[in-house]
Structure formats: structure tokens, C-alpha cells
Amino acid sequence: MYFKRLHRRAYTDIPRPNFDEYRRKSNTDVLAPKSADERKALRSAVSFVGCIAGLYSFKAHLLHYVLFLMPSRDIIAEAQLEVKLNGIPMGKVLIVKWRGKPVFIYHRPQSIIEQERAVDLSELRDPEKDDDRVKRSEWLVVVGICTHLGCVPIPNAGIIPGGFFCPCHGSHFDAAGRIRKGPAATNMEIPEYTFINDDTVIIG
């Protein structure tokens, strides 16, 4: 108990240092406001400025990542492709590029249409009706890629009149893009497309 009293008495005897006389009066007024209201206002102002700076910094980083993850302009431009049909003669195939893939637009004559409608579905490896693969009977729109190993077939070639033939591995597709012979297991892909009038189709 005696030592505690001595310690306490010694502690209280030490004078508290005061450096006010060494500080400039201007600094004292700015850095140490006299009233509690002034100190509270200063803290609020600093907090507000810090929050605004943090929000702008977050916005800049978020915008950077959004722009980084967005597709490039050439991909956006290829998302949809408009094709004029009045320049495709009957019986011919127009090949266009869409999203880096070849697309066959086949202007089918009536004889080919009747040929494909008459096919027995039980003979097909991947059964699909011709009417289910076209939106207009005279126009076939398919992705021109063989479903075996991704080769590009040759239009109006192969064992099927008006069909497609892949010379790489010998797959034969008919005039509806259905596999008829060879190693390919499925029919040629039908892309999304829409006829906006009699002479124009939009792919994609």
C-alpha cells in the first residue's frame, strides 16, 4: 500500500507538458478548433470528401472491368447479319460468314423440295422432317460445318442431288442438311434467322 501511494503521488506530481508557446497561432486555430462543434464539422467534412473519393474510385474500377469483359466491336457487329436473297439464282448456294462460321443459304428448286419431303424418316440417322428445318420451303439456311470434325462441306456435291459433301471424311448431307452417309452423327446446324421480307433474311 505504501508503494502504491508513493507511485500515485509521484505520477500526479509530474507536470503535464505544454507546447502551445512553441506553436504558431495560425496552426493552432486550424488544426485544433476551439469548440467541439468545429471539430465535429471538420470530421464530417473530411468523411464526406473521403466517401466521395472512394465512390469515384470504385466507379472507375468497375467501369474498367465492365469494358474489359464486354465483347469487341467486330463480334458485336457479327451478332446479326443481313443478307439480300434476290441475287441468289435458283439451285445455287450463297456462302456468307457469320460469327466466324460459314453459313449456306440454298435457293432450292421445287424438284429438290419434293425430293426432301419424300424421304422416309426411318432411313435417317438423325430423323428430322424437311419442313422442320426450313421456314420457307425454297430457302435452306444451315451452318456450313460438318458435324463430324468441323470441316466445311462442298455444296451441290455428293451422292444426294442438291446435297452437301465433306471430302475430308466422306460425310454426305442431303438438300435439307441431314446426314445421309458417312461418319457424321448429326444433321448440320440450323442457325437463328428471320425473314424480314421476301428478299431479306437476318441471321442471328
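Among residues of region 141-168 that are closer than 21 Å to residue 119 by Cβ, those with a Cβ under 6 angstrom from a residue that is surrounded by fewer than 21 Cβ atoms within 10 Å (Cβ to Cβ) and of a type in the set (S, T, N, Q), sequence gap 6+ or separate chain, pair up as 147/186. Only a single criterion out of (1) more than 14 Å from residue 83 (Cβ to Cβ); (2) in contact with a Gly (Cβ under 7 Å, 6 or more places away or on another chain) is not satisfied by residue 192, namely (1). Do we find that residue 180 is in contact with a strand residue (DSSP E or B) (Cβ under 6 Å, 6 or more places away or on another chain) and open to solvent by 50 Å² or more (accessible area, probe 1.4 Å) in this structure? Yes; evaluated as a whole, the condition is true for this residue. Selection of region 97-120 for residues being within 37 Å of the chain's Cα centre (by Cα) and at pLDDT 95 or above yields 102, 103, 104, 105, 106, 107, 108, 113, 116. One residue stands out in region 172-198 among those that are in a strand (DSSP E or B) and among the hydrophobic types (A, V, I, L, M, F, W, C): the one that is nearest to residue 124 (Cα to Cα), namely 179.
The values are calculated or read from the model by the stated rules, or taken from the named source; none is laboratory data. Not measured: the values here are computed from a predicted model. Neighbour counts are summed over all protein chains in view; Cβ atoms, including those assigned to glycine, are modelled from backbone coordinates with ideal geometry. Side chains included, ligands, DNA and RNA excluded: accessible areas come from the protein's heavy atoms. Shrake-Rupley method; radii C 1.70, N 1.55, O 1.52, S 1.80 Å.
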